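Please read the structure below before turning to the comments.
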Amino acid sequence: MAASLFDSPLYTQLFPTKDCGRLFSDSAALRAMLLVEGALAKVQGELGVIPAESAAAIHRASLEIQIDPGALAQSVGQNGVCLPGLLSAFRKEMNAPEHAQFVHWGATSQDIMDSGLMLRLRQALVLAEADLRRLIALLAAAADVHADQVMAARSYGQLATPTSWGAVLANWGMQAIDALEELPALRAGALWVSLSGAAGTGAALGPQAGQTRAGLAQALGLGDPGRSWHTDRGPIMRISDWMGRNVTLMAGFGQTLIDLAASGIQEVRLGGGGGSSTMPQKQNPVQPSVLVALGHQMAGVRAGLALGGAQRHQRDGAAWFTEWLLLPQICLTHASALAQSIDIATSLAPDAGRMAHTLTQSQGLVHAEALSFALSQKMARPLAQDETKSLCHKALETGSNLEDIARARHPDLPGDLFKDHSQMGQAPDAARAFVARAKALG
């Protein structure tokens, strides 16, 4: 098995990362760092910090020169970071030492690496936004069609009261919209440029350190935090937390679908696939199981990232290395969960007959709550609850329907009390409210 299933040709369709996977390659990382170096030189040239001619040469070279990641491996092994080797290779490829001497002026490795990382994380959020919008649209379309499709809700895995399939979809969809609407604030509070020099003081950047950082932020389209954040990993944690909450939502989506597709229940129909090597009658809930597994993966890597977020002094190599190990896994886990959720939502369909069967097989016990409130109209609430429990126990003991037993003892109960569609409460309205909110997204 491959060290990472996200990079495995064998498992690429089971754990797809689509375009997000390309952002977390060595080549993409080096390309982003060179873009930062080029933008830094351009800004410093405009401010007169370095010669304008050199700035132009460096900026142009940063767009044209390609560096082989493998050629830097020995340097990284020795130095712990890729910048010394990258800068050496870049300066050599420029073939202009008079200009190359001004590359990386006043910056430190972490400035370039963190700023380059933010360029890639920005694109990861762009991709995530598009996927979230697609998922929301699919869920909303289904919720609109099935707003009134009655089914049994579950509480602690047991039958509860009637709800609608549209309301179940809306529960997931509303959370996805919440996540989508958090993105502007997340981008503003996390996608920051880094430029503060070796110890975060900006000393080597000179008196125009603040102007240089602001100019670099503008050139790269990132935010200017107005300070050093070398050991403040808040921006990284905010992005990982947002992704983590999304994967938790999708893992719950997967777990519920596993339950609803289980043998003897089968209230939802999944897409194709899921075949067994020995049991031809089976259709395994493969994609929902992937979502649950990705949820487990995300919980573990987020815990590790939290440990890496506690950093000592002005630079902490061990904590920083921990982030390198785990952050890509967080981003790719998130991308994979979104890809699988979209695929599931594309073909997911309720089985109305099986949903009705489940309600029928409940012996009317899904209406126990409604019965207790109906009885409260003619007796004290505690007495009504005790009476309802007694009637439920009798129904279970005798195998009878709760409605028959209850009406035999209380013939004046409302006529529609045990009608499934009349006991859905606000479930259909919840489905339609989600549809309306989804349409308002544009």
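Numbers below:
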quantity: Hits in the stretch 19-47 (condition: without any contact (Cβ under 8 Å) to a residue 60 or more places away in the chain and small (Gly, Ala, Ser)); calculated: Ser25, Ser27, Gly38, Gly45
quantity: Residue within the stretch 167-181 that is within 20 Å of Leu327 (Cα to Cα) and either within 14 Å of the chain's Cα centre (by Cα) or not in a loop (DSSP other than H, G, I, E, B) (or both) present; calculated: yes
quantity: Pairs with Cβ under 7 Å, 6+ apart, first in the stretch 402-422 and under 29 Å from Asp148 (Cβ atoms), second surrounded by 15 or more Cβ atoms within 10 Å (Cβ to Cβ) and of a type in the set (Ser, Thr, Tyr); calculated: Asp416/Ser422
quantity: The listed residue being among the polar types (S, T, N, Q), more than 44 Å from the chain's Cα centre (by Cα) and open to solvent by 50 Å² or more (accessible area, probe 1.4 Å), out of Gln361, Gln377; calculated: Gln377
quantity: Residue match in the stretch 337-357 (condition: among the acidic types (Asp, Glu), open to solvent by less than 60 Å² (accessible area, probe 1.4 Å) and part of a loop (DSSP other than H, G, I, E, B)); calculated: yes
quantity: Flag for Ser75 being hydroxyl-bearing (Ser, Thr, Tyr), buried (at least 16 other Cβ atoms within 10 Å of the Cβ) and within 23 Å of Leu327 (Cα to Cα); calculated: yes
quantity: Index of the failed condition, Ala438 passing every other in (1) open to solvent by 40 Å² or more (accessible area, probe 1.4 Å); (2) closer than 30 Å to Val290 by Cα; (3) among the hydrophobic types (A, V, I, L, M, F, W, C); (4) in contact with a helix residue (DSSP H, G or I) (Cβ under 7 Å, 6 or more places away or on another chain); calculated: (1)
quantity: Counted residues, the stretch 96-121 - those being assigned to a helix (DSSP H, G or I) and either at pLDDT below 95 or open to solvent by 10 Å² or more (accessible area, probe 1.4 Å) (or both); calculated: 8
quantity: Residues of the stretch 396-425 classified as within 11 Å of Gln363 (Cα to Cα), within 45 Å of the chain's Cα centre (by Cα) and not acidic (Asp, Glu), total; calculated: 4
quantity: All positions within the stretch 154-170 that are at negative phi and either touching a Cys at 6+ places or on another chain (Cβ under 6 Å) or free of Cβ contacts under 8 Å to residues at least 60 places away in the same chain (or both); calculated: Ser155, Gln158
quantity: Set Leu83, Leu117, Leu72: member being within 28 Å of Gly317 (Cβ to Cβ), of a type outside the set (Asp, Glu) and in contact (Cβ under 8 Å) with a residue 60 or more places away in the chain; calculated: Leu117
quantity: Filtered residues of the stretch 122-141 (kept if surrounded by fewer than 22 Cβ atoms within 10 Å (Cβ to Cβ) and either more than 14 Å from Leu180 (Cα to Cα) or among the polar types (S, T, N, Q) (or both)); calculated: Arg122, Gln123, Leu138, Ala141
quantity: Those residues of the stretch 21-38 which are assigned to a helix (DSSP H, G or I), more than 17 Å from Pro84 (Cβ to Cβ) and open to solvent by 10 Å² or more (accessible area, probe 1.4 Å), in sequence order; calculated: Gly21, Arg22, Leu23, Ser27, Ala28, Arg31, Leu35
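The values are calculated or read from the model by the stated rules, or taken from the named source; none is laboratory data. Computed from a predicted model, the values in this text were never measured in an experiment. Cβ coordinates were reconstructed from backbone atoms using ideal geometry, including for glycine residues, and neighbour counts include every protein chain displayed. Surface accessibility is based on the protein's heavy atoms, side chains included, excluding ligands, DNA and RNA. Shrake-Rupley method; radii C 1.70, N 1.55, O 1.52, S 1.80 Å.
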